[in-house]
Structure formats: C-alpha cells, structure tokens
1. Name the residues in region A:594-632 that are in contact with a Ser or Thr (Cβ under 8 Å, 6 or more places away or on another chain) and more than 9 Å from chain B (Cβ to nearest Cβ), would you?
2. Among the residues of region A:563-582, how many are more than 29 Å from the chain's Cα centre (by Cα) and either facing chain B (nearest Cβ under 10 Å) or within 17 Å of A:Val484 (Cα to Cα) (or both)?
3. May I ask you to say which residue of A:Leu591, A:Leu511 is within 12 Å of another protein chain (Cβ to nearest Cβ), closer than 18 Å to A:Leu474 by Cβ, assigned to a helix (DSSP H, G or I) and within 40 Å of the chain's Cα centre (by Cα)?
4. Any chance you could count how many residues in region A:131-151 are part of a helix (DSSP H, G or I) and within 16 Å of B:Cys88 (Cα to Cα)?
5. Quick one: would you say A:Gly363 is modelled with pLDDT of 95 or more and closer than 17 Å to A:Leu308 by Cα?
6. With surrounded by 23 or more Cβ atoms within 10 Å (Cβ to Cβ), at pLDDT below 90 and farther than 28 Å from A:Lys223 by Cα as the only criterion, which of A:Leu575, A:Leu588 stands out?
7. Quick one: how many residues across region A:591-626 are surrounded by 14 or more Cβ atoms within 10 Å (Cβ to Cβ) and either more than 20 Å from A:Asn225 (Cα to Cα) or not charged (D, E, K, R) (or both)?
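The values are calculated or read from the model by the stated rules, or taken from the named source; none is laboratory data. The shown structure was predicted, so the numbers you read here are calculated from the model rather than taken from an experiment. A quick note on method: Cβ atoms are made from the backbone with ideal geometry, for glycine too, and the neighbour counts reach across all protein chains shown.
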Amino acid sequence: RQEFECEAQGLWIAWKGHVSPFIIFMLLSVLFALISTLLVKYVAPMATGSGISEIKVWVSGFEYNKEFLGFLTLVIKSVALPLAISSGLSVGKEGPSVHYATCCGYLLTKWLLRDTLTYSSQYEYITAASGAGVAVAFGAPIGGVLFGLEEIASANRFNSSTLWKSYYVALVAITTLKYIDPFRNGRVILFNVTYDRDWKVQEIPIFIALGIFGGLYGKYISKWNINFIHFRKMYLSSWPVQEVLFLATLTALISYFNEFLKLDMTESMGILFHECVKNDNTSTFSHRLCQLDENTHAFEFLKIFTSLCFATVIRALLVVVSYGARVPAGIFVPSMAVGATFGRAVSLLVERFISGPSVITPGAYAFLGAAATLSGITNLTLTVVVIMFELTGAFMYIIPLMIVVAITRIILSTSGISGGIADQMIMVNGFPYLEDEQDEEEEETLEKYTAEQLMSSKLITINETIYLSELESLLYDSASEYSVHGFPITKDEDKFEKEKRCIGYVLKRHLASKIMMQSVNSTKAQTTLVYFNKSNEELGHRENCIGFKDIMNESPISVKKAVPVTLLFRMFKELGCKTIIVEESGILKGLVTAKDILRFKRIKYREVHGAKFTYNEALDRRCWSVIHFIIKRFTTNRNGNVI
Amino acid sequence: MPTTYVPINQPIGDGEDVIDTNRFTNIPETQNFDQFVTIDKIAEENRPLSVDSDREFLNSKYRHYREVIWDRAKTFITLSSTAIVIGCIAGFLQVFTETLVNWKTGHCQRNWLLNKSFCCNGVVNEVTSTSNLLLK
C-alpha cells in the first residue's frame, strides 16, 4: 500500500508504454550482468562464486592464495555482487557476504594486529567475520554466530574465545547496519515479517511434506548443479562472459512475465512470507495473494497457483545453471525463494481444499518452505532454525520450523548426502579438507592400512649444524629438486650413517624468514655456521655462528610404523599439525603430511566405492552438440555473413 | 649439508615434503591440493605472522600510556572496526542492489539516483515531529 501510495503521488514513476518497460528491463539486466562478469574476469578472478568452500578449507588449516582475501577481491566483490543480483540471475548475496566479510576480517586483523597476530588467532577473527557476513546478509546476528560454528569452523576448534568474538562482531555489524537503515523503514532485511495466528497440530503432515520437499530439493539441485559444473568445465570454460550474458538474457526473458520471478528475490519472499489480514483496509500489506478465498473463481485461483508452481520449477532450474557462473553468486536466497513459492502454492491448496479461509497462515507455509530448502541445500539445522526465527520473531512457529528442518535432514541423511553444497564443492574442486565426520565404511577401509604404507620415506633432512650458504641454496635454488615445505633435523653424529635420528622439524617458511633477517654476504655465508640444536658453548664459542633453535620444533609429533591410518587421521584433525614423523626405535623412517593422508583417503575411497560424483558424459556431449549447433547458426559463415 | 635420506628397507615415495611427485595417483578429488599450503597449527601457535611492530602513533608523546591502552584494547578495536566495515559494506550493498533493481522498473521523480525506499521515504513516514530527537 505504501508503494502504491508513492506511485499514486507521482514520486516513483514506473516506465511507461507497452514495449519500452520490457526493453529497459532486458537491457539493464544484461548490462548489469556484463559489468559484473567483466569485473570478475579481468580485475579480481578470486571474487567469483560464493567463496564459502575456500573459507572453510582455510579455517580448517589449509591456507589458500592470499589474493582470495585481498583488498582488490573485497572491492570487486562488493561492486560486482549487487550488479549480479540486480541482473536478475538466480543468485543470492548471502554466500558472497561471507566472503567479503572474511576479507574485511583478514585485512583489518593483519593490519591492526600485525605484530601479535598468530595463525591460530587469525582463524578466530576469520570465523567471527564470516559469521558477521551472514548476520548482516540475513539480518540475523545469532544465526550468523551459529553459521560460523556449524558451517565455517566445523572442522576446527570453535572455542569460547571464537564464540565471543563472533558474537561481538555480529552485534556491532548488525547495529551498524541498523543505524544505516538501508531500507528506510527501520528494518535490516526486506523479508522481515511477524505472525499473529498460531499453528495447529493437524498441520503437521503438511509440515512434513514441506520437509520432504526441502530434502529432495537439496539432494537433486546440488547433484544437478555439480553435473552442470562438470559440463561447464568440459565445454563452456572458454566462454565465461558469454555464458553469463546468455543466462542473464534467458532469466530476464522468463522472469519478466512472472511476478514472483520478476521481483527481486528478497522482495518476492517478503510478499510470500507476509501474513494476510482479511477485510482490513487499514493493513499496510495488500497483495492479490491475500484476495484468494473459497469464493474466488477457480480460474483466478489456478492462475496464481500455476504462477507459483512455474516460479518454483523455473527458479530451481535457474539455480542449477546459475550457481557457479563467473559472477559473485550465492545459493542460499535463491533456494529460499524456491521453497517460499512452493510453500505458498501448498498453502493455497490447503486453504482451498482442506482448512478453508482464515484458518492457517499461508505466509508461514512459504516461510517453512524456505527454511526447508535452505536447510536442504546447506545441510545446516540449528543455524537455519535460528536464522528463520530471527527473521520472523514468530516464536510460536519454532516447533513447525524444527519439524521441517529435521525431516529435511533425515531425507538428506537417508539419501547418502554428506554435507551441504559447500562440502560437496570442496570435493568437486579437489580442495584439501579434514572432514569432521567419517562414515563407518570409510573407517573400516582405512583401518586396514598403517602409517608405513602411507608415509613418504625419501626425505630431505638437514643436519643440526649446517653452513648458511648450503641452507640458502637449499631454499632458493629454483632448479632444486628440494621442492618441499619442511625438513626433519637429524643428529650430526649420524651424518654418514644410513639410519638417522630425528631431533626436530623446521618449516621452510620459518627458515626463509630467519635467513632474510640475517645480514650476511655470500662470502661470509660460506663460513657461517647455522646450528639448530647445539649451543654456542658446545661449538666452542666459535665466531660466525647463528642459532636457529627458536624456529625448530624440538618435539614434532611422531608415531610408530604400525599406527593405523584412522588414528593418524584423528591426530591430524585434533592436533592441527602439518606433518607427523614416523620413527622406529628412535630411527627416522618416514614422514606423513596432512595432504598425504587426505590424498590416501580419497584414493582409497575411489578404489572401493568408485567416484564420488559420476557424470553422464553421453548426455553432456549431446547437450553440447545442440548448443554448438545453435552457436553455429548465429555465428558468421565463411564469407563473413551472419546466417 | 642437506641430504636425501632413504631409510633402509623402505619403498621410495613422495608427498608434500618429499622429492617424488608420483606416489599418489592424481584423481579429481585431489586436483587442487597444490594451491593450498598446510598450516602447522602447533608450530605456528605462538609465532606472529609478521615481525613488523613499528607503530608510529605509539612513538609520540605519552608512549607508555598509549602502549598500555593499545595492548588492552587492540582486540576490541580490531573487532569493532571489522564489524563496522562489514556493516557499512552490507548497507552499501543493500542500497546499491535495491537501486539497480528498482531502475529496471522505474525511476524516482525528484532524483533519479534514489531507489524506491529512499524516494518514497517521508511519504508514508508519519513521524514528522522534529521535537523528539530519538524519533527523528
């Protein structure tokens, strides 16, 4: 009603005419998509996608390319994201919000705490910032904190310090947003609604149906999306910009003729979630969805019902092809939009054929449908319940919400889906990640293997005393075969022995920074002795000595050869170490890294169970031949003429 | 002297910290491992990421007091500034997105740069009293 009033007063002027509004809509959609994809492609390629998978991997202990959390990525993500969303593509801003928030956390902590920041404390700040990203995107501060706990830091320690930091950052971020008042209505999110009418026990079967829909949505959409990503890698990777333009044109073309697709997704959800107040002209909300009751003509009913069903199906298909395109893109809100239109369509059926008017709250069905699909795609439970609860403040709907989310989770678990779309993307992209859960079959398979079968036994070792020049050539010789990230330190006495004793471990990075701090010229470096374990007294107070003891890990984690791989995996996960030394009777036998164990685990899984994701190559080829045929029809022929 | 060490009776293998690169078969599930560097949380536990500790604002007058305040408040300052920047970017994103989306269907009569919310703000806002500072 406020919008109608604004238009009636002539403050807001809608584009007039029969064709021009359509042309403007199409042109702007394509233009926004074009700018967004060009920015990503040529300025900050790391700003593409949602970034949640990479952040999860980073927090779990594997550092990604520094550009990923760099300033340029932050700027481009912040500009290209609104452009991508406003182009109408079926992408959301909630996932990318996690990325830009993490960029902020990373850059500011690195700048402000540069002299005291350690890797372990950096994880806390990154986790806290990522939670704040969700908090501001959904307008749900507690939901944001839980997102950090349930999704981002699931493979890492989430201690009370991280919890407090997440809470504080989410609080201040949401307060800042509230102060900015982006919608000029005092709210921080467009689909913020409240419900007055309570639910009834008889509605539980319908809630279960919504939960089933959410589970199936999560299962199939993620599967199809992964298949499409494979297709994109195989055939479309050379044309990322053209692909985005095509998607934007197609989406705008379809969306223009459907009210629920044409509107911005958050705005559309705001309408769908809203509780209708019948026969009340003083209500601030009015929509034709609210005019439907049992006396409404069947044609009118069918029109709205099919419109909602069409929006559900089309949006779901668009999500499959849009998520992963070369623009900043999230999948949370598009999934919620699918669930909302489905839930609202169900509510129309229930209201017309089962309950009659003014018995149920149709908006709540849309809201529950959105929760189901959000849970289905993310595989999150507690976070989804709290986010949805914070969006509505409808405490009375907490039980239906929990039922819906629980059913969704059960459906996903029984379908053999492990993890949400972010976890699946980690596997699809081949990222290292120490999962927090292992299924029994996997455990049984790994139980048969020991550290001996997994370890690397051809090692580069350093004696506890070594000349600086030798160390420098070891680190900086680009042609060197020693492309490793760390070195076991062995006893001087074993220099010429076939079996060596390990007295410590040093990281290449620490060696490099320590050497950089020394101001020794190349001639002097040949006579300068570096010692890792001995004191200067033991070396006879000789000159040209540098102690590197401070960078050596004197007690690296070590195991026996017979230790089972499952135990090794747990050690890596719980201790957060990079390498484990394998010894037998004090003699260095080999070394296992975190990546080694992940490689081994995934290879064994593939050997026993087959590939985690299977693709229909024949179908892909057929689809490509059709696309190729169409492309050829629209490209120039040999004479340069457009066919 | 760095040595290539192969313990007796051991098969030759590789990994992140060894020489060979063919110990494990390359499968799609491990294709991007090399893009990530493993962080040794134990070794890095107490090691600052940077050794650069020169802070100009601490070198001026009342250095001691400034240092004490900074040491005690740096966590909160960092967290607060991170949160404020995140909030500001979120606000910008919301306004910018809405503006672009609204341009697809119309424009504001008094200023075409405004989105619908900002354009219509005041029309429906019945709080016109300027006396109450909080409401204003």
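1. A:Lys604, A:Val608
2. Total satisfying the criteria: 3.
3. Going through A:Leu591, A:Leu511 in turn, just one is within 12 Å of another protein chain (Cβ to nearest Cβ), closer than 18 Å to A:Leu474 by Cβ, assigned to a helix (DSSP H, G or I) and within 40 Å of the chain's Cα centre (by Cα): A:Leu511.
4. Adding up the residues that qualify gives 9.
5. It is false that A:Gly363 is modelled with pLDDT of 95 or more and closer than 17 Å to A:Leu308 by Cα.
6. A:Leu588
7. Here the count works out to 20.
For every residue, the table says whether it meets (1) touching a strand residue (DSSP E or B) at 6+ places or on another chain (Cβ under 6 Å); (2) hydroxyl-bearing (Ser, Thr, Tyr); (3) more than 17 Å from A:Asp264 (Cβ to Cβ).
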site	(1), (2), (3)
A:Cys6	yes, no, no
A:Gln9	no, no, yes
A:Lys16	no, no, yes
A:Ser20	no, yes, yes
A:Leu27	no, no, yes
A:Leu31	no, no, no
A:Ile35	no, no, yes
A:Ala44	no, no, yes
A:Thr48	no, yes, yes
